[in-house]
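J.: Here it is, the structure in full.
The values are calculated or read from the model by the stated rules, or taken from the named source; none is laboratory data. No experiment lies behind these values; they were computed from the predicted model shown. Backbone-built Cβ (ideal geometry, glycine too); neighbour counts: all protein chains shown.
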Amino acid sequence: MSLLEVKDLQVRVEEREILHGLSLTVNPGQVHAIMGPNGSGKSTLSHVIAGKPGYEVTGGQILFRGEDLLEMEPNERAAKGVFLAFQYPVEIPGVTTWNFLHAALNAQRKARGEDEISSPAFLKKVREVAKSLNIPQDMLKRGVNVGFSGGEKKRNEILQMALFEPAVCILDEMDSGLDIDALRIAADGVNALRSPERAMVVITHYQRLLNYIVPDVVHVMSKGRVVKSGGKELALELEESGYAQFEDAA
Amino acid sequence: MNVVAKTETGRALGDVFAVVRDRLPGKGKIADQRRQAFEAYERSGLPHRRIEDWKYTDLRALMREVLPLAPAPDAAVLSRAAAAVKLRAIDGVRRLVLVDGAFAPDLSDLGNPEKGLSIRPLREVLDAGDGALSEQAFASDISNPMIALNGAMATDGVVIDIANGTMLSQPLHIVHVASGTAPASMFTRSLLRLGRDTGVTLVESYLAAEGAKAYQTHDGLVVAIGDNARLDHVRLVEDAIDAFNISSATVTLGAHAHFNTFGLTSGGHVSRYQLTVTCAGEGSTVETNGVNLINGKQHADTTLFMDHAVPHCASREIFRAVVDDRAHSVFQGRIIVRPDAQKTDAKMMTRALLLSDDAEADNKPELEIFADDVTCGHGATTGALDESLLFYMRARGLPEKEAQALLIQAFVGEAIETIASDALREVAIATAQRWLEARA
């Protein structure tokens, strides 16, 4: 069974249709890249998979391990193993990163019928992960993302990904706002999480990120549809010729 | 106004006063003060919305009448009260318990007072005819009808004196318990005097015995903080859900004194807390902070009057309201900087979080500045929880209520953080936690 299956998805925001019948099948162990120009619907797809309010699904379905994802609350999706790394992670003043991560991890475990993880065990786990991502301890004591640089915010997303061990990771424009060093650290973090059981969907505007996170499949999106799919060489082709050819195709 | 005051309610209460006044403690001058206070109350009756200060808390509509005095507590009442006190006991404090408006020595810790600490029930002070103390306890502003009524009717309270140079390490905890066996009013009045170079922490709690019926708590606190003295004050209103709590505190600071107060209201059907703080000596600092956590049809009003009468004083107010369902939160903060009070530094920030479309929060900050060399400011905001934050948290696995709870904790956290004592901060956090858990 495929891990994530998007079938003929049609989505509206207010009165405007953004996705016009998008399909995508992601299998365990695969890394898919979704590329496309601004406004092609890439972020809408990631939001709808995660369950962000404000989108109306007018047709099609999203299956996760065969279950209807669209029937689930965002927190249920997270507990099932769907993770969205945000393009713009929010700042939550007054809620420490420790506290937030501990509460979130336990909420997921509880939803899956697993035992809650104690504070000492959690601390040990989060420290190990933070260390591997070069995240200083004092960042974890601060409010979630408060005063973090762009790179720190993205590393915090990857920290959460490592902690929650999701089955599908959607990375929404992970490269936006990152310089080349920050990008490399973030990409190393992501690559360390690649495994035969886990799939990733990397949404990006630029080919650059794909030099660091090498995909198995590349999809080109334009005007709310996947207009072409291919191997990693498709990304390079796009870099040469641009998106214009596909805008006509759509 | 006289015509309006002569409602059925006003007349009935007048009869009550006529009956009980001879049994109220305090003779001579105190009896005169009580009579004058009652007359002042009778002239206006219960305050209503056409009185500016009471615009948002119309007691004539909300409370309708003042209930008769509660009878003196019997053994059964005291034992129910003891159970309520035990449930909210705070470790390491000296507890002083008032049950249905009467000091309860058996539930209180009066033994082995630290050197320089004196605690006496108000009734005893009045019966003993201790003129100076009594007059200080009853010297309050009777232009405010509810303070006047409290002065007229007060049956008991505690009188606490802290001698010059005494630093008390053990906090004092005044617990007001309503047994609520029958609908009734309790009137209490307490006095706290801190001498020069003293320091103390005072906690006040308002509780009800299990199953208490509608009752009215009318409390008054008079505080004099001497030069170079420090009072830390935490006030927790956890009254029964159909109770009324109309309380006032009048605090005066000497020179280089410090007053840090934090109030949390999560209980009661209708509550109003009127706090008047006067900086009467130079170089003093005041922090008055508070949180309302209310839902259902609760109405909670904090009305603050900060009076900068002399130069070189600083005051800070941080107030947070979390309002759910059809509840109504009111914050009125008035800061006056008198002509002589140069170099005053006064700031006030009030924020309300509305959790439902029917919730209401009224914030009324007022600055009246008559001095020209001052730093003053205020701000007020009202809003809902940020949807983008909620989505982020839910996308990480937190159910909606849990995500809301974390954001609410963060929202009130800034006010709770101002509590100086770690232990009492934990008590306030636990109280907020109970509210959040009841909501989930």
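J.: Being touching a Leu at 6+ places or on another chain (Cβ under 9 Å) and of a type outside the set (S, T, N, Q): is that true of A:Glu128 here?
T.: Against the criterion (touching a Leu at 6+ places or on another chain (Cβ under 9 Å) and of a type outside the set (S, T, N, Q)), A:Glu128 does not qualify.
J.: Right, next: Would you tally the residues in the stretch A:165-184 being buried (at least 19 other Cβ atoms within 10 Å of the Cβ) and over 13 Å from the mean Cα position of the chain (by Cα)?
T.: So the count comes out to 2.
J.: Here is a list: B:Ala346, B:Ala352. Which entry is more than 14 Å from chain A (Cβ to nearest Cβ), at negative phi, modelled with pLDDT of 95 or more and out of contact with any Leu (no Cβ under 8 Å at 6 or more places or on another chain)?
T.: That would be B:Ala352, the only listed residue that is more than 14 Å from chain A (Cβ to nearest Cβ), at negative phi, modelled with pLDDT of 95 or more and out of contact with any Leu (no Cβ under 8 Å at 6 or more places or on another chain).
J.: Let me ask something else about it. Going by what's in this entry, would A:Ile135 be described as among the hydrophobic types (A, V, I, L, M, F, W, C), modelled with pLDDT under 90 and crowded, with 18+ Cβ neighbours inside 10 Å?
T.: Against the criterion (among the hydrophobic types (A, V, I, L, M, F, W, C), modelled with pLDDT under 90 and crowded, with 18+ Cβ neighbours inside 10 Å), A:Ile135 qualifies.
J.: Before we move on, is B:Ala380 assigned to a loop (DSSP other than H, G, I, E, B) and more than 14 Å from chain A (Cβ to nearest Cβ)?
T.: Taking the combined requirement at face value, the residue does not satisfy it.
J.: Quick one: which residue in A:Gly29, A:Gly81, A:Gly54 is buried (at least 18 other Cβ atoms within 10 Å of the Cβ) and either at the interface with chain B (Cβ under 8 Å from one of its Cβ atoms) or under 19 Å from the mean Cα position of the chain (by Cα) (or both)?
T.: Residue meeting the stated conditions: A:Gly81.
J.: Keeping to the stretch B:208-239, report how many residues are of a type outside the set (S, T, N, Q) and either outside any strand (DSSP E or B) or at pLDDT below 95 (or both).
T.: So the answer is 11.
J.: Would you be able to say whether some residue in the stretch A:53-68 is without any contact (Cβ under 8 Å) to a residue 40 or more places away in the chain and touching a helix residue (DSSP H, G or I) at 6+ places or on another chain (Cβ under 6 Å)?
T.: Scanning the stretch A:53-68 turns up no residue that is without any contact (Cβ under 8 Å) to a residue 40 or more places away in the chain and touching a helix residue (DSSP H, G or I) at 6+ places or on another chain (Cβ under 6 Å).
J.: Name the residue that is surrounded by the most Cβ atoms within 10 Å (Cβ to Cβ), counting only residues in the stretch B:42-60 that are assigned to a helix (DSSP H, G or I) and in contact (Cβ under 8 Å) with a residue 12 or more places away in the chain.
T.: Restricting to residues being assigned to a helix (DSSP H, G or I) and in contact (Cβ under 8 Å) with a residue 12 or more places away in the chain, the top hit is B:Leu59.
J.: Take the conditions on the phi < 0 side of the Ramachandran plot and under 23 Å from the mean Cα position of the chain (by Cα) and apply them to B:Gly333. Does it pass?
T.: yes
J.: Going by the structure shown, is B:Ala341 under 14 Å from B:Thr288 (Cα atoms) and either in a loop (DSSP other than H, G, I, E, B) or over 18 Å from the mean Cα position of the chain (by Cα) (or both)?
T.: no
J.: Within the set of pairs 6 or more residues apart or between chains, which connect a residue that is farther than 16 Å from A:Thr25 by Cα and without any contact (Cβ under 8 Å) to a residue 24 or more places away in the chain inside the stretch A:191-203 to a residue that is surrounded by 13 or more Cβ atoms within 10 Å (Cβ to Cβ) and of a type outside the set (S, T, N, Q) with Cβ atoms less than 7 Å apart?
T.: A:Asn191/A:Ile213
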